[in-house]
Structure formats: structure tokens, C-alpha cells
1. So what does log10 I(q)/I(0) come out to for region 17-166 at q = 0.11 Å⁻¹, using the Debye formula with one equal point on every Cα and no solvent?
2. Of the heavy-atom accessible surface of region 180-303 (probe 1.4 angstrom), what whole percent is carbon and sulfur?
3. As a test of the definition: which semi-axes, in Å, follow for region 128-257 when you take the square root of five times each eigenvalue of its alpha carbon gyration tensor? Largest first, please.
4. Report the relative contact order of region 26-125, percent, no decimals, based on alpha-carbon pairs under 8 angstrom and at least 6 residues apart.
5. Using the C-alpha gyration tensor of the chain, what are the square roots of 5 times its eigenvalues, in whole angstrom, with the largest one first?
6. When the chain is modelled as a GNM with alpha-carbon springs shorter than 10 Å, which of W290, W22, W261 fluctuates the most?
7. Looking at the square roots a ≥ b ≥ c of the eigenvalues of the Cα gyration tensor of region 14-53, which shape do they give, rounded for a/c under 1.5, prolate if a/b is larger than b/c, or oblate?
8. Rounded if a/c is under 1.5, else prolate if a/b is larger than b/c, else oblate: which is region 4-97, with a ≥ b ≥ c the root eigenvalues of its Cα gyration tensor?
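The values are calculated or read from the model by the stated rules, or taken from the named source; none is laboratory data. Here the structure is a predicted model, which means the values were calculated and not measured. Glycine also receives a Cβ, built like all others from the backbone with ideal geometry; neighbour counts cover every protein chain displayed. The protein model used for the area step is the full one, side chains on, heavy atoms only, and it has no ligands, DNA or RNA in it. Shrake-Rupley method; radii C 1.70, N 1.55, O 1.52, S 1.80 Å.
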Amino acid sequence: MANHWWEIQIVCDLDLEETIFWRLEDFGCRGMASERQKNDGNVCLVKAYLPQEQVKLLDLAALSLWLRQDALLVGLELPKMQWHLIDEEDWASSWKQYWQPQEVGDRILIYPAWLPVPEKSERLLLRLDPGTAFGTGNHATTQLCLEALEMRLDDLPNSSREDLVIADIGCGSGILSIAAILLGASRVYAVDTDIMAVNATHSNRQLNQISADRIIVGQGSVNTLPQMTQASFDGIACNILADVIIQLIPQITSVSKPSTWGILSGILIDQAQSVADTLEHYGWTVATLWRRKEWCCFNVRRS
Ligand SMILES: C[S@@+](CC[C@H](N)C(=O)[O-])C[C@H]1O[C@@H](n2cnc3c(N)ncnc32)[C@H](O)[C@@H]1O
């Protein structure tokens, strides 16, 4: 039987765009895009997609009410939300139209898999087909991680980068694992609880011609890592939501060594304090905290 997707379309005031993205993501949408309306630059059309079996009609109606409630609270015009079912092929082509190459940080260019590879690029080309997995590089939380990885790895002398082993917890499309290798890391162990993400990471590794012994992927979470390797991790990247990160901190601590550094993202600014408290409790120091939009990313180290 063909897979079907809900396509959600929301016409809204530009000032509501961020909140709507946040709500949609929380709702489990994969592949979101927004464009300004040609006839009115203050209005945008947000499109989002999610697998049919993941939601019921009533949930979609509730989401629509939530969005209206959000608008009422800040006194903006009520957003208009519609939804309909499309098949897998239409989903892939409609969302591919929106996704364009994107520069992140000083060195990386995220490049959709279906575009022809440019002959020359001054940036490291990170080719990606996220499929249904999270991680296109469009999201602030991913961008913060990529920039933090770039800074971390660029600061290291070549000799220590060559041995660098990194864990990517919640790898999604594999975007951070691939970036770490392109930036010079030796090996990455990538885990995700979602089998779709594990598959996407495998195929994106191949797409970037990275050998299977440099990005090792497994379904699971932090507690799967010791089954995948006995190596200790020099760095840990984890872009999941704050509640999950807080729960994972004890396990993350147990797979790290005194010199391990961490990049933790996916944390809303008003959740930062509870993450910081838990980190401190487990002996981590927050070296820097970077913010983008309503999100923040912790750069942490032991002791
Ligand atoms: C926000 S996405 C991050 C994807 C990618 N690393 C990025 O930075 O764009 C979070 C990912 O974490 C996965 N995830 C959620 N809870 C998890 C857990 N407890 N352990 C491992 N992965 C988890 C989800 O399936 C999802 O693919």
C-alpha cells in the first residue's frame, strides 16, 4: 500500500512564523518550509508534512485551534490552516522544491542530494537527502551544532584531529556525523532511536563517500554506544530536546572521559537553567552558551 502524508498549509502573519514552526515540530512534522506571499510580504505560507498514520483528524483540528490561540494571545490575525493527504511521491517532490543549498558557519555548504554537484566549491560540501529524518541544516538547533563542531575541530592541531572519536546522539539525517568527518574527525558513532534516522544516516554517509568504518550507525541511544565500541569519546554531539537531554546526562557522563567535550543543542532558552543545573550536578562545566532565535546550544567540558 502506498504511503500517504498529511500536507498542512498555514497562511499566517510573518510574526507568527517562528511560533508556528515550533508548534509543528513539537507536533512531529518532518520537512517544513515557509515562503512569503508575493502580494503581501508580511504574510507567509508555511507548509509542513507528516506521515498519515502518525496523526488523526481530530489532532489536526486541535493543532489548528492551538495556532489560533497563540495568535489571539499576541493580538495577531488568526492563521488559516488547511490539511490534505498527498502520496509519498508528491510529498518528496513538493518539499524538495523548497530546499536549497545552505551555507552554515564558515566552512560548510549543505547541499541537497538531487542537485548536480558543483565543479568547484570553496566550502566543504555536505550532501544530504534527509528523507523523513530530521536534520536538513535549516533548523537553528542544527546550525548551532554545526558551528560549534566547526569551532571545536578547527581549534585542534591536525595531529589530534586525526584520532578524534565523536558520538552523535540522535543523529537524524546524519548531518552532524558527516560534518564531523568533513571537518577532520577520525570516526563517529551515531545512534538514533528512530530506524528511519538510522537508514537516512547510512545512505547519507554513502552519498558523501565516507567509508562505513568512519561513521558507524546503530539504532538506540547512549546506552547502545558501549556495544558499538570500546573507544572512549573525545567529543559528544547531541541535538535532542531539553527534557531528553536532561535524562541522558548521567549516561552521557558514563561514556565520557575527563577530557571529553560536548555540544548539546535543541534546548529552548527558558529550559537552559535546568539543563545547566543537571550538567553541573554531573561534573560538567558550561564553557559557552550560544543562542539563536529561541534556542540555545551548550558547549560543555568535564570538570
Ligand atoms: C532534533 S533531531 C536532530 C537530528 C540531527 N542530529 C540534527 O542535529 O539536525 C533529534 C533526533 O533525536 C532522536 N532521538 C529522540 N530521542 C532520542 C533518544 N533518547 N536517544 C537517541 N535519539 C533520540 C530523534 O529520533 C531525532 O532523529
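1. So the normalised log intensities work out to -0.57.
2. On the way: 2780 of 5570 Å².
Using a 1.4 Å probe with all protein chains present, region 180-303 comes out at 50 percent carbon and sulfur.
3. On the way: eigenvalues 69, 63, 45 Å².
In descending order, the three semi-axes are 19, 18, 15 Å.
4. Normalised by residue count, the contact order of region 26-125 is 17 percent.
5. Values: eigenvalues 215, 102, 68 Å².
So the three semi-axes of the chain are 33, 23, 18 Å.
6. Taking springs between Cα atoms under 10 Å, the residue moving most is W22.
7. Details: a/c = 4.01, a/b = 1.90, b/c = 2.11.
Judged from the Cα gyration tensor, region 14-53 comes out oblate (a/c at least 1.5, b/c at or above a/b).
8. Cα axes put region 4-97 in the oblate bin.
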